[in-house]
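Accompanying notes for the structure given below.
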């Protein structure tokens, strides 16, 4: 089982109601989307986050259960749900967050779950790594579990949400050092290392500690780097509705493919099999291509891939 650790929120996507501008509430959040995608791919998955029992929180819980995501690790409270208002330009989304005193943000170290032996890997990422106290709680959980289980980290940078850039870069450096897989987009990498070339930034990440760095580059495909090797795969050409949830679905596809290959283990990544990594990238790209062909974060079910 994979434990997805991070935010669940409501994406308020632009819409039209009776000819007037409006927003349509849709379940979302970086790690939430990955959990949904894993469940739909048939991977045993659980979700750790702070969830509200309000109207929006109930919707989030319903959507997780519909996609076969286990909620036994979630922390339910009466605090409100985080809202993210999206602005779509040329198919790309930017976000404005309302996150004060929410169920997700107020998660603390006292809420950290005790994990059973059935948890094979943990996925962390998104805005949940920025806010306090939840950012510190997720960091504590990552460091606690890193010696025993495979860790994947996706910083999924949202610059408008980060008030103290240097503080967050310092946190990411600590998290990267304890992770096995780090997935970044071109935009993430430019924010993390703004004065460094892409090649140098990837080398710096690998030197910090992870066994594998995965870079997604939109229409330029996806790339994997490890000490002693690298490879690339092309993007899957599809008409793009929007990019909401694309990277989150990619993460799920990559983890699902590693699990299918029996490679969701630290020792498997110590000296990666290039064919396993290539197949995982290709599967992740295929799954993500279906998501971008749809409006909003709507990952495919396994039977849609055939």
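The values are calculated or read from the model by the stated rules, or taken from the named source; none is laboratory data. These numbers were taken from a predicted model, which means no experiment stands behind them. FYI the Cβ positions are ideal-geometry reconstructions off the backbone, even for glycines, and counts take in every protein chain you see.
Of all residues in the stretch 10-36 being under 18 Å from residue 161 (Cα atoms) and modelled with pLDDT under 95, which is nearest to the chain's Cα centre (by Cα)?
30
Condition check ((1) surrounded by 19 or more Cβ atoms within 10 Å (Cβ to Cβ); (2) free of Cβ contacts under 8 Å to residues at least 60 places away in the same chain; (3) in contact with a strand residue (DSSP E or B) (Cβ under 9 Å, 6 or more places away or on another chain); (4) at negative phi) across all residues:
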{"position": "114", "(1), (2), (3), (4)": "no, yes, no, yes"}
{"position": "117", "(1), (2), (3), (4)": "no, yes, no, yes"}
{"position": "120", "(1), (2), (3), (4)": "no, no, yes, yes"}
{"position": "124", "(1), (2), (3), (4)": "yes, no, yes, yes"}
{"position": "132", "(1), (2), (3), (4)": "no, yes, no, yes"}
{"position": "140", "(1), (2), (3), (4)": "no, yes, no, yes"}
{"position": "147", "(1), (2), (3), (4)": "no, yes, no, yes"}
{"position": "153", "(1), (2), (3), (4)": "yes, yes, yes, yes"}
{"position": "157", "(1), (2), (3), (4)": "yes, yes, yes, yes"}
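Counting just the residues of the stretch 26-49 that are assigned to a strand (DSSP E or B) and in contact with a helix residue (DSSP H, G or I) (Cβ under 7 Å, 6 or more places away or on another chain), which one comes out nearest to residue 118 (Cα to Cα)?
Ranking the candidates gives 45 first.
So, of the residues in the stretch 158-179 that are modelled with pLDDT under 95 and part of a loop (DSSP other than H, G, I, E, B), which turns out to be farthest from residue 5 (Cα to Cα)?
163
Tell me, which strands (runs of 3 or more DSSP E) wholly within the stretch 187-235 include 2 or more residues that are touching a residue at least 12 places away in the same chain (Cβ under 8 Å) and closer than 25 Å to residue 147 by Cα?
Values: elements: 212-216, 222-226, 229-233.
Counting at least 2 such residues, we get 212-216, 222-226.
Which one of these does residue 218 not meet: (1) surrounded by 15 or more Cβ atoms within 10 Å (Cβ to Cβ); (2) modelled with pLDDT of 95 or more; (3) farther than 21 Å from residue 45 by Cβ?
(2)
Taking the condition of being crowded, with 17+ Cβ neighbours inside 10 Å, over 16 Å from residue 215 (Cα atoms) and touching a residue at least 12 places away in the same chain (Cβ under 8 Å), how many residues in the stretch 254-271 meet it?
7
For the stretch 77-103, what are the residues that are part of a loop (DSSP other than H, G, I, E, B) and either out of contact with any helix residue (DSSP H, G or I) (no Cβ under 6 Å at 6 or more places or on another chain) or at positive phi (or both)? Before you say what the answer is, go through the steps one by one.
Step one: list which residues in the stretch 77-103 are part of a loop (DSSP other than H, G, I, E, B), which gives 78-82, 90-91, 99-103.
Of everything in the stretch 77-103, those that are part of a loop (DSSP other than H, G, I, E, B) and either out of contact with any helix residue (DSSP H, G or I) (no Cβ under 6 Å at 6 or more places or on another chain) or at positive phi (or both) turn out to be 78, 79, 80, 82, 90, 91, 99, 100, 101, 102, 103.
Taking residue 58 as the residue in question, decide whether it is closer than 29 Å to residue 302 by Cα and surrounded by fewer than 19 Cβ atoms within 10 Å (Cβ to Cβ).
yes
Being within 13 Å of residue 104 (Cα to Cα), crowded, with 16+ Cβ neighbours inside 10 Å and under 20 Å from the mean Cα position of the chain (by Cα) is true for just one of 39, 50. Which residue is that?
From the options 39, 50, the qualifying one is 50.
Within the stretch 275-297, restricting attention to residues that are in contact with a strand residue (DSSP E or B) (Cβ under 6 Å, 6 or more places away or on another chain) and at pLDDT 90 or above, which residue is surrounded by the fewest Cβ atoms within 10 Å (Cβ to Cβ)?
278
Considering only the stretch 67-94, how many residues are more than 19 Å from the chain's Cα centre (by Cα) and under 15 Å from residue 35 (Cα atoms)?
Going through the stretch 67-94 one residue at a time, the tally reaches 1.
Scan the stretch 291-306 residue by residue and report those that are within 17 Å of the chain's Cα centre (by Cα) and not in a loop (DSSP other than H, G, I, E, B).
Answer for the stretch 291-306, where residues must be within 17 Å of the chain's Cα centre (by Cα) and not in a loop (DSSP other than H, G, I, E, B): 291, 292.
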